[in-house]
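The values are calculated or read from the model by the stated rules, or taken from the named source; none is laboratory data. All figures in this text were calculated on a predicted structure; none of them were measured in a lab. Ideal geometry is used to build each Cβ from the backbone, glycine not excepted, and the neighbour counts take in all protein chains shown. Note: accessible area is taken over every heavy atom of the protein model, side chains too, but ligands, DNA and RNA are not part of it. Shrake-Rupley method; radii C 1.70, N 1.55, O 1.52, S 1.80 Å.
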Amino acid sequence: MALLPILRFPDPRLQKIARPVDKIDDSIRQLATDMAETMYEAPGIGLAATQVDVHLRVVVIDVSEERNALRVFINPEILSCDGLALGEEGCLSVPGIYDKVERAERVTVRYLDQSGQEQRLEAEGLLAVCIQHEIDHLNGKVFVDHLSQLKQTRIRTKLAKQARVTA
């Protein structure tokens, strides 16, 4: 197991669209394991492969309080959305920044598990939001892209200032 470096917004690599996984093998399973360790250490509740500069459609999520309900989504695809929810989001690639984002309240997602079996999941609440957030990453978007241009500019300025202070 290994901790992976997490890309920080506005790194242009976060805008890359991830490719589908053609074959689920030990390297993909190891990637998922390393991503999970990175997510837990950060700490976060979701991580997309794009965020660790691997441009494959792999996501790990654990929204449980106990941090013992890891879900791995390979080639996830949202089949349907229902309802609207406005909630505050943050992101491991945009540290220290939180803002309200409108998402679907419920989603149905199709994906492959680590053994290559197709699965369907109906999710709501935090899990549904997290699935949408992480699939956005696979499509080259961060939650900041859902905000106004003014807010995006302020976030870029704040993160640039933080980077100068810690450098």
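For the Cα atoms of the chain, what angle does the longest principal axis make with the long axis of helix 26-41, in degrees from 0 to 90, nearest 10?
So the helix axis and the longest Cα principal axis differ by about 40 degrees.
Could you give the angle, 0 to 90 degrees to the nearest 10, between helix 125-138's Cα long axis and the longest principal axis of the Cα atoms of the chain?
Orientation of helix 125-138: about 80 degrees from the principal axis.
Round to the nearest 10 and give me the degree value, 0 to 90, for the angle of helix 149-166's Cα axis relative to the longest principal axis of the chain.
In the chain, helix 149-166 runs at an angle near 80 degrees to the longest axis.
Give the carbon-plus-sulfur fraction of the accessible surface of the chain in %, rounded to a whole number; probe 1.4 Å, heavy atoms of protein chains only.
For the chain, the apolar C and S fraction of the accessible surface comes to 49 percent.
Can you tell which of VAL142, VAL63, VAL72 shows the greatest fluctuation in a Gaussian network model of the chain with Cα springs below 10 Å?
VAL63
Suppose all protein chains stay in the model; what accessible area per residue would a 1.4 Å probe give for the stretch 1-145, in Å²?
50
Relative to a virtual label point 7 Å from the Cα of CYS81 in the Cα→beta-carbon direction, which members of the stretch 112-141 show backbone nitrogen distances below 16 Å?
Counting backbone N atoms under 16 Å from the label point, the list is 123-141.
Between GLN117 and ASN139, what length in nm is gained on full extension when 0.36 nm per residue of separation is reduced by their alpha carbon distance?
Going from the current span to full extension adds 5.7 nm.
Enumerate the residues in the stretch 7-38 having an amide nitrogen under 11 Å from the point lying 7 Å beyond the Cα of THR166 toward its Cβ.
Of the residues in the stretch 7-38, 7-9 have backbone N under 11 Å from the label point off THR166.
At a Förster radius of 25 Å, what calculated FRET efficiency corresponds to the Cβ-Cβ distance of GLU102 and GLU41, to the nearest 0.05?
FRET efficiency, GLU102 to GLU41: 0.25.
Among PRO12, THR153, GLN132, whose Cα projects farthest towards the positive end of the dipole of the chain, with charges put on the beta-carbon of Lys, Arg (+1) and Asp, Glu (-1)?
Positive-most Cα among the choices belongs to THR153.
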